[in-house]
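Q: Got a structure for you, questions after.
Values quoted throughout were computed directly from the atomic coordinates according to the rules given, and no laboratory measurement underlies them. Bear in mind the structure is a predicted one, so any value in this text is a computation, not a measurement. Positions of Cβ are generated from backbone atoms using ideal geometry, with glycine treated the same way; all protein chains shown enter the neighbour counts.
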Amino acid sequence: MFDIERWQEIFETLRKNKLRTFLTGLSVASGIFILVILLGFSSGIQNGVTSQFEKDAANSISVWAGVTTKEYKGLNPGRYIQLKNDDFNAIVNKYDDHLEYKSPFYTIWGGLVNYKNESGNYRIQGVLPDNQFIENADISQGRFLNHSDVMGAKKVAVIGNKVSQDLFKGQDPINQSISIYGINFKVIGVFYDPGGERDESKVMMPITTAQKAFNGGNDIRNMTYTVKMSDNFNDAVKLSEQISLGIESDIKEKHIISPDDISAVRVNNTLEEARKIYSLVDTIKAVFWFVGIGTIIAGVVGVGNIMLIIVKERTKEIGVRKALGAEPMSIVGMILQESVFVTMFSGLFGLIAGLGLLEVVGPLIESDFIKYPQVDFNTALATVFVLVFAGAIAGFIPAYRAAKIKPIDALRDE
Amino acid sequence: MIQIKDLHKSYHMGNNSLHVLKGINFDVKEGELVSIMGSSGSGKSTLLNILGMLDEADEGSYTLDGVPIKNLNEKIAANYRNKFLGFIFQSFNLINYKSALDNVALPLYYQGVHRKERVERAMHYLDKVGLAPWSHHLPNELSGGQKQRVAIARALASDPKVLLADEPTGALDTKTSYEVMDLIQGINDEGKTILIVTHEHDIAQMTRRIVNLKDGLIIDDSVVEQVRASQYV
Ligand SMILES: Nc1ncnc2c1ncn2[C@@H]1O[C@H](COP(=O)(O)OP(=O)(O)O)[C@@H](O)[C@H]1O
Ligand SMILES: [Mg+2]
């Protein structure tokens, strides 16, 4: 195997048969290349989808109210449904055992926020302390809202990173005073949100404060709960589905809404969505693996085929070599060593080309659903070796048979 | 150098069997230049292939340079071919992607000679057949006569005991045939034992002994007055 004369002979053969070498190499390299790209995008889709769910807690139930579209118990359609603190509390009381975090929201879209001479329009939200976990927000400075802020309806605010950058330009915002529609609030914290800039262009304050400061009374816009996760994903999905349905019918009953009015109350269950999308991701992954394995099999068959053709076309040469004194095993060794060298070299080439492409193109992909396409290097390397090994096996049989042919029969071959 | 006794060979194809060699007896001494003649299908190539260990006889004994050739496995046969024999074929059988020089060097590769020495020795033999300036040409860049010269150089490269040539001039025109025969005569003059299969009388007349084959038997075996090819070249 490490006989230098043998390698010289093999390199010479490969060099003198450039087209054959190139075609064998191309089929192997492109097989591996396609596989790497496939696996890369499969993982990219997975990463993309997963990161979509990192924006917020994955197991939340959100409730909005809207306008009725159906006549019910003598009430006309077109009635505006206003959720109140009571609605929120009733649900908390009823489902407390199963709920983990809960927060109502009183929202002002595009509220004008000033700090000294700087100003901007941001979403203003009155929330409960639990909302930090519902939104997966990270505190980078100061703290989030707490219970006493809510109880005292204190004029404090936690601002998103974007707001901090816009208004404070790198100064420390903590304990500074911002004004919203002329009312002053003390900044007590800055948060990051995996949802990105959009979710960081936000000012959060206690719900009690927001309702008072902006004449909200007991009104809330919407509310979100997270369901305690059980170990079994399917059980969790089932539970949150039940709770979703329960909440919907409770609110409909309380506000006298037809049970089949789908626009008056909307309950969105992310776990159910997550389940659908995760199973979609699993399907996509399975499809990609299926195609990938198909590619490998095609590659193996291709290499085997090429080996068969090469051996066939070299039958006469083999006869000549044997007449000149080549032992049968040296013929087998020569053919195998050539094929292993070519498949290995081009397999690694395809691997590196594929990984390189993912490396270059990956970061340029601006899609929420494909992120950081990458391939586990060991998986890819393993496929190269599978291909090389299978190619060697596929090459061994015709090589062995060719080496067994009597030289006289091989020489007669035209 | 060669002793064969009562050599038999049949080919089997399905239910038919063809008895090609029906008891051949003959000896060749060192330094002889023998032609094996006979009409097409008389078994000349079959005999030569058995002598060359490319094929095996069904019956009979064969001794080459004092070594009994029997029950060979492929590996031993390959070694014997490499050590004892040089082949020259009608269709040259050069490896088409190797240069003239590399073709000549190939038997030395299988002898385990190192590259530098291989090249030197191959070059020496190419020079001997007058093709030194063509050493880096591929076979398809050479004329038929040149190809056969390369093949002769290759057969000589491993310094074999015996050269076996099956219709070496069969694919060549008359003039080129005589040039090749001139070369072969020269090699024989230096003492090499050579067997040539041919069905052309003029070629046979250029050897020193003619063995005539008919229906699988030797019907005539006589020493002839050698015609020198050089007078025609
Ligand atoms: N491998 C083979 N299988 C079957 N028949 C063969 C084979 N080789 C040669 N023959 C037959 O044996 C006979 C002798 O062939 P060969 O020795 O090549 O004759 P020559 O060289 O004198 O023309 C021919 O009839 C030929 O058809
Ligand atoms: Mg013949």
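Q: Along the charge dipole of the protein assembly as shown, which of B:Pro160, B:Asn188, A:Leu358 sits closest to the positive end, that is, farthest toward it, with unit charges on the beta carbon of Lys, Arg, Asp and Glu (+1, +1, -1, -1)?
A: Farthest towards the positive end: A:Leu358.
Q: Right, another one. Taking +1 at the Cβ of each Lys and Arg and -1 at the Cβ of each Asp and Glu, which of A:Ile408, A:Gln211, B:Ile218 sits farthest along the dipole of the protein assembly as shown towards its positive end, judged by Cα position relative to the Cα centre?
A: My answer, from the dipole projection, is A:Gln211.
Q: Hey, which of these cross-link pairs are over 28 Å Cα-Cα: A:Lys162/A:Lys371; A:Lys116/A:Lys371; B:Lys44/B:Lys147; A:Lys73/A:Lys238; A:Lys70/A:Lys202? Walk me through the numbers before you get to the answer.
A: Working: A:Lys162/A:Lys371 23 Å; A:Lys116/A:Lys371 40 Å; B:Lys44/B:Lys147 23 Å; A:Lys73/A:Lys238 32 Å; A:Lys70/A:Lys202 35 Å.
The answer is A:Lys116/A:Lys371; A:Lys73/A:Lys238; A:Lys70/A:Lys202.
Q: Next question, about the same structure. Ranking B:Val104, B:Val20 by Cβ neighbours within 10 Å, fewest first, what do you get? Before the final figure, lay out the partial values.
A: Details: B:Val104 31, B:Val20 20.
Ordered from fewest to most neighbouring Cβ atoms within 10 Å, B:Val104, B:Val20 come out as B:Val20, B:Val104.
Q: If you don't mind, another one. Within a Cβ distance under 15 Å of A:Asn117, other residues only, what is the Lys/Arg minus Asp/Glu net charge? Mind showing how you got there, number by number?
A: Working: positive: A:Lys116, A:Lys169; negative: A:Glu118, A:Asp166.
Taking every Cβ under 15 Å from that of A:Asn117, the sum is 0.
Q: May I pose another question? Using the beta-carbon distance between A:Ala286 and B:His201 and R0 = 56 Å, what value does 1/(1 + (r/R0)^6) give for FRET efficiency, to the nearest 0.05? Please report the intermediate quantities before stating the final value.
A: On the way: r = 78 Å, r/R0 = 1.39.
Taking R0 as 56 Å, the efficiency between A:Ala286 and B:His201 is 0.10.
Q: Rounded to whole Hz and in sequence order, give me ³J(HN,Hα) for the stretch B:21-30 from the Karplus expression 6.51 cos²θ - 1.76 cosθ + 1.60, θ = phi - 60°, writing x for Gly and Pro.
A: Result, rounded to whole Hz: 10, 10, x, 9, 10, 6, 10, 10, 8, 4.
Q: If R₀ is 56 angstrom, what is the calculated FRET efficiency for the pair A:Phe377 and B:Asp127, using the beta carbon separation as r and rounding to 0.05?
A: Values: r = 55 Å, r/R0 = 0.98.
Using R0 = 56 Å, I get an efficiency of 0.55.
Q: How many Cβ atoms of partner chains, on average, are near each residue of B:47-53 if near means within 10 Å of its Cβ? Before the final figure, lay out each step's value.
A: Values: counts 0, 0, 6, 1, 0, 3, 3.
Counting Cβ atoms of other protein chains within 10 Å of each residue's Cβ and averaging gives 2.
Q: Using Cα positions and a limit of under 12 Å, work out the aspartates and glutamates in reach of A:Lys228, with same-chain residues fewer than 8 apart set aside.
A: A:Asp96, A:Asp97, A:Glu100
Q: Treat each spin label as a single point 7 Å out from the Cα along the C-beta direction, and report the A:Leu245 to A:Ser263 distance in nm.
A: With each label point 7 Å from Cα toward Cβ, the separation is 2.5 nm.
Q: Could I have the simple spin-label model distance between B:Glu59 and A:Asp3, label points 7 Å from Cα toward Cβ, reported in nm to one decimal?
A: It works out to 4.0 nm between the two label points.
Q: Okay, helix-only estimate at 222 nm for chain A: each DSSP H run of n ≥ 4 adds -39500 (n - 2.57), divide by all residues, round to 500 deg cm²/dmol; what do you get? Could you put the intermediate results ahead of the total?
A: Working: 14 runs with 232 residues, N = 414.
Mean residue ellipticity, 222 nm, calculated: -18500 deg cm²/dmol.
Q: Only helical DSSP H runs with n ≥ 4 go in: add -39500 (n - 2.57) per run for chain B, normalise by residue count and round the 222 nm mean residue ellipticity to 500 deg cm²/dmol.
A: Working: 7 runs with 78 residues, N = 233.
The per-residue figure over chain B is -10000 deg cm²/dmol.
Q: How much net charge surrounds B:Ile152 when only the other residues with a Cβ under 15 Å from the Cβ of B:Ile152 are counted, with Lys and Arg +1 and Asp and Glu -1? The partial results should precede the final answer.
A: Details: positive: B:Arg121, B:Lys128, B:Lys147, B:Arg149, B:Arg154, B:Lys192; negative: B:Asp127, B:Asp159, B:Asp166, B:Glu167, B:Glu179, B:Asp182, B:Asp189, B:Glu190.
So the surrounding residues net to -2.
Q: Going by the alpha-carbon gyration tensor, a ≥ b ≥ c the square roots of its eigenvalues, is the stretch B:1-79 rounded (a/c under 1.5) or, if a/c is not under 1.5, prolate (a/b greater than b/c) versus oblate?
A: Details: a/c = 1.92, a/b = 1.23, b/c = 1.56.
Oblate.
Q: Taking every residue in B:68-77, how many Cβ atoms of other protein chains lie within 10 Å of its Cβ, on average?
A: Working: counts 0, 0, 0, 0, 0, 2, 10, 4, 1, 6.
Counting other chains' Cβ atoms within 10 Å and averaging over B:68-77 gives 2.
Q: I've got another one for you. Would you please state which residues of the stretch A:66-109 a label at A:Lys254 would reach in this model, taking the label point 7 Å out along Cα→Cβ and a backbone N cut-off of under 16 Å?
A: Only A:66, A:81-97, A:99, A:102-106 fall inside the zone, counting backbone N under 16 Å.
Q: Same structure again: If you count, for every residue in A:325-332, the Cβ atoms of partner chains within 10 Å of its Cβ, what is the mean? If you can, show how the numbers build up before the last one.
A: Details: counts 17, 8, 9, 5, 3, 4, 2, 0.
Per residue, the average neighbour count from other chains is 6.
Q: Near B:Lys161, which aspartates and glutamates are there with a Cα under 19 Å away, not counting those fewer than 8 places off in the same chain?
A: B:Asp27, B:Glu30, B:Glu32, B:Asp55, B:Asp65, B:Asp189, B:Glu190
Q: Under a 5 Å amide H to amide H cut-off, with H placed in plane at 1.01 Å, what residues pair with A:Gly126 once short-range neighbours are removed?
A: Amide H neighbours of A:Gly126, under 5 Å, 5+ apart: A:Tyr106, A:Thr107, A:Ile108, A:Met205.
Q: If I take R0 = 35 Å and measure r between the Cβ atoms of A:Asp219 and A:Ser140 in this structure, what FRET efficiency does the formula 1/(1 + (r/R0)^6) give, to the nearest 0.05?
A: On the way: r = 31 Å, r/R0 = 0.89.
Computed FRET efficiency for A:Asp219 and A:Ser140 comes out at 0.65.
Q: Under a point-charge model restricted to the Cβ atoms of Lys and Arg (+1) and Asp and Glu (-1), what is the dipole moment magnitude of the protein assembly as shown relative to its Cα centre, in debye to the nearest 20?
A: Numbers: 67 positive and 75 negative charges, 114 e Å.
Approximately 540 debye in magnitude.
Q: Grab the other residues whose beta carbon is less than 15 angstrom from that of B:Val223, score K and R as +1, D and E as -1, and report the net.
A: Numbers: positive: B:Lys29, B:Arg208, B:Arg209; negative: B:Asp27, B:Glu32, B:Asp220, B:Asp221, B:Glu225.
Overall, the nearby charge balance is -2.
Q: Going by amide H atoms built from the backbone, whose H comes under 5 Å of the H on A:Gln176, apart from near neighbours?
A: Sorted by chain and number, the residues that satisfy this are A:Val187.
Q: What list of ³J(HN,Hα) values in whole Hz, one per residue of the stretch A:209-225 in order, does the Karplus curve 6.51 cos²θ - 1.76 cosθ + 1.60 (θ = phi - 60°) give from phi, with Gly and Pro shown as x?
A: Couplings: 4, 4, 4, 5, 5, 10, 6, x, x, 9, 6, 10, 7, 7, 8, 9, 10 Hz.
Q: Still on this structure, please answer the following. Would you be so kind as to identify all helices of chain A, as entire DSSP H runs, whose Cα atoms reach 24 Å or more along the helix's own axis and whose mean Kyte-Doolittle hydropathy is at least 1.0?
A: Working: long enough: A:18-54 (52 Å, 0.97); A:233-254 (31 Å, -0.41); A:270-313 (62 Å, 1.11); A:328-361 (49 Å, 1.65); A:377-404 (40 Å, 1.35).
Result, helices passing both filters: A:270-313, A:328-361, A:377-404.
Q: Report, by chain and number, residues whose modeled amide H sits under 5 Å from the one on A:Ala326, excluding near sequence neighbours (fewer than 5 apart, same chain).
A: Close amide H contacts, sequence-distant or interchain: none at all.
Q: Could you line up A:Arg314, A:Arg143 from fewest to most neighbouring Cβ atoms inside 10 Å? Write out the running numbers ahead of the final one.
A: Details: A:Arg314 24, A:Arg143 16.
Least crowded to most crowded, the residues run A:Arg143, A:Arg314.
Q: For a quick check: sort B:Leu64, A:Leu26 by the number of other beta carbons within 10 angstrom, fewest at the front.
A: Details: B:Leu64 20, A:Leu26 15.
Going from least to most buried by this count: A:Leu26, B:Leu64.
Q: Mind checking the full-extension length gain between A:Asp235 and A:Asn89? Use 0.36 nm per residue of separation minus the Cα-Cα distance, one decimal, nm.
A: Working: separation 146, 0.36 × 146 = 52.56 nm, distance 2.55 nm.
Extra length from A:Asp235 to A:Asn89 when fully extended: 50.0 nm.
Q: Between rounded, prolate and oblate, where does the stretch A:33-159 land on the alpha carbon gyration tensor, with a ≥ b ≥ c its root eigenvalues, rounded for a/c under 1.5, else prolate if a/b exceeds b/c? Walk me through the numbers on the way to the answer.
A: Values: a/c = 1.78, a/b = 1.25, b/c = 1.42.
The shape class here is oblate.
Q: A:Ile352 to A:Ala298: extension gain in nm, 0.36 nm per residue of separation minus the Cα-Cα distance?
A: Working: separation 54, 0.36 × 54 = 19.44 nm, distance 2.00 nm.
Going from the current span to full extension adds 17.4 nm.
Q: Set the bar at 26 Å for Cα to Cα. Now go through A:Lys404/B:Lys83; B:Lys128/B:Lys214; B:Lys9/B:Lys214 and name every pair that lies beyond it. Show your work: numbers first, answer last.
A: On the way: A:Lys404/B:Lys83 21 Å; B:Lys128/B:Lys214 36 Å; B:Lys9/B:Lys214 14 Å.
Listed pairs above 26 Å: B:Lys128/B:Lys214.
Q: Give the aspartates and glutamates reachable from B:Lys116 as a straight Cα distance under 17 Å; neighbours fewer than 8 places away on the same chain don't count.
A: A:Asp3, A:Glu5, A:Glu9, A:Glu12, B:Asp102, B:Asp127
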